[in-house]
1. Using unit Cβ charges (K, R positive; D, E negative) and no other charged atoms, how large, in debye to the nearest 20, is the dipole of the chain about its Cα centre?
2. What Kirkwood radius, in Å to one decimal, follows from the Cα pairs of the chain?
3. By a straight-distance test (C-alpha under 19 Å), which lysines pair with residue 83 as possible cross-link partners, with residues fewer than eight away in the same chain excluded?
4. Quick check on the stretch 1-112: what are the equivalent-ellipsoid semi-axes from the Cα gyration tensor, as sqrt(5λ), descending, whole Å?
5. Report the Cα centroid-to-centroid distance between the stretch 259-292 and the stretch 150-191 in angstrom, as an integer.
6. Considering only the chain, what is the antiparallel percent among its DSSP beta bridges, to the nearest 5?
7. Assign unit charges at the C-beta atoms only (+1 for Lys and Arg, -1 for Asp and Glu), then state the dipole size of the stretch 1-110 relative to its Cα centre in Debye, rounded to the nearest 20.
8. Using only the alpha carbons, work out the radius of gyration and Dmax of the stretch 1-57 in angstrom.
Amino acid sequence: MSRVTKAVIPAAGLGTRFLPATKAQPKEMLPLVDKPAIQYVVEEAVRAGIDDILIISGRGKRSLEDHFDRNVELEHFLAERGKDEALAEVRSIAELAEIHFVRQGEPLGLGHAVSIARKHVGDNPFVVMLGDDIMDERSTVLTDMIRVHDERDAAVIAVSEVSSDEISNYGSIDPEIISDQLVRLRGIVEKPSANDAPSNLAAMGRYVFTPEIFDALDRVSPGVGGEIQLTDGIALLLADHDVFGWVFSHGRFDIGNKQDYLRATVELAIEREDLGPEFRAFLIDLVDKRLR
Ligand code: G1P
């Protein structure tokens with residue numbers, strides 16, 4: 001069994017939940033404090049031992065490529081002015097991992113976006129990371145999932161408990177409990193109503209797959225929203241393969257909509273050593289003076 005060294009990051013969506021900011025700018029480039037959202041995802045992959053990343057991009061997403069490329073002019077400018085720290089930071093982004101890009105010509109859905117990675121991934125296991133879910137730097141979820149994959153030679157998806165009100169925003173799994181943090185999937189349904197949801201355990205945007213997922217995706221017909229859903233591919237995979245769920249509860253920031261994005265920005269900022277103390281004091285003062 002080969003080691004998991006490849007990640008696929010679908011980033012072709014139109015970002016309609018973030019208009020107007022995303023009219024001429026990819027949502028993956030929206031900053032969380034001082035880094036674009038996608039950089040957090042790439043750094044998380046690198047922390048889990050991944051060194052080859054395929055970003056599925058689309059129209060209007062060229063700034064993603066620029067962000068992970070060298071910018072010699074900027075580097076020269078920073079070097080000349082002795083801005084060594086900024087220079088090191090800018091350079092390091094291009095050295096994070098080997099990053100490849102391929103375009104999804106038409107927005108046919110997440111399952112379709114993942115299926116585009118087939119050639120690049122070849123016969124290897126790989127992870128899929130969704131950019132709407134950002135993990136705390138200390139989170140070990142991806143590393144834990146890769147370990148489970150290595151032990152069981154099967155697909156693993158990250159799941160968390162959400163409320164009944166929220167489950168219709170997610171893929172909901174039907175779990176068979178194996179241990180505290182491990183379940184085996186008996187089924188998975190994309191965005192069910194609260195009544196139809198098999199459980200409140202929701203897929204959280206991190207997946208470890210074996211290449212069998214591609215054959216399953218080829219057989220998926222359009223589902224929720226008329227799109228080829230990754231969840232439906234997983235449901236088909238379940239017919240003849242084990243799929244496990246890795247249950248976690250902390251360290252995830254949802255940035256999929258404006259409200260959650262605002263929360264994530266504040267939480268990430270107060271965690272920062274350089275910015276946190278002053279920003280915390282500002283927040284306390286703000287609450288005292290304006291929000292009580
Ligand atoms: C996607 C998946 C869904 C998953 C969610 C996690 O939905 O289709 O199964 O639970 O990501 O964030 P989206 O948020 O793109 O609508």
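1. 760
2. Working: mean 1/r = 0.0498 Å⁻¹.
Taking every pair of different Cα atoms in the chain, averaging 1/r and inverting gives 20.1 Å.
3. Correct list for residue 83: 35.
4. Rounded to whole Å, the semi-axes are 25, 20, 12.
5. 32
6. Values: 25 of 43 bridges.
Roughly 60 percent of the DSSP beta bridges within the chain come out antiparallel.
7. 580
8. My reading of the Cα-based Rg and Dmax gives 13.3, 46 Å.
None of the figures in this text is laboratory data; all of them are computed from the coordinates on show. Keep in mind the model is a prediction, meaning the values are calculated, not measured. Glycine also receives a Cβ, built like all others from the backbone with ideal geometry; neighbour counts cover every protein chain displayed.
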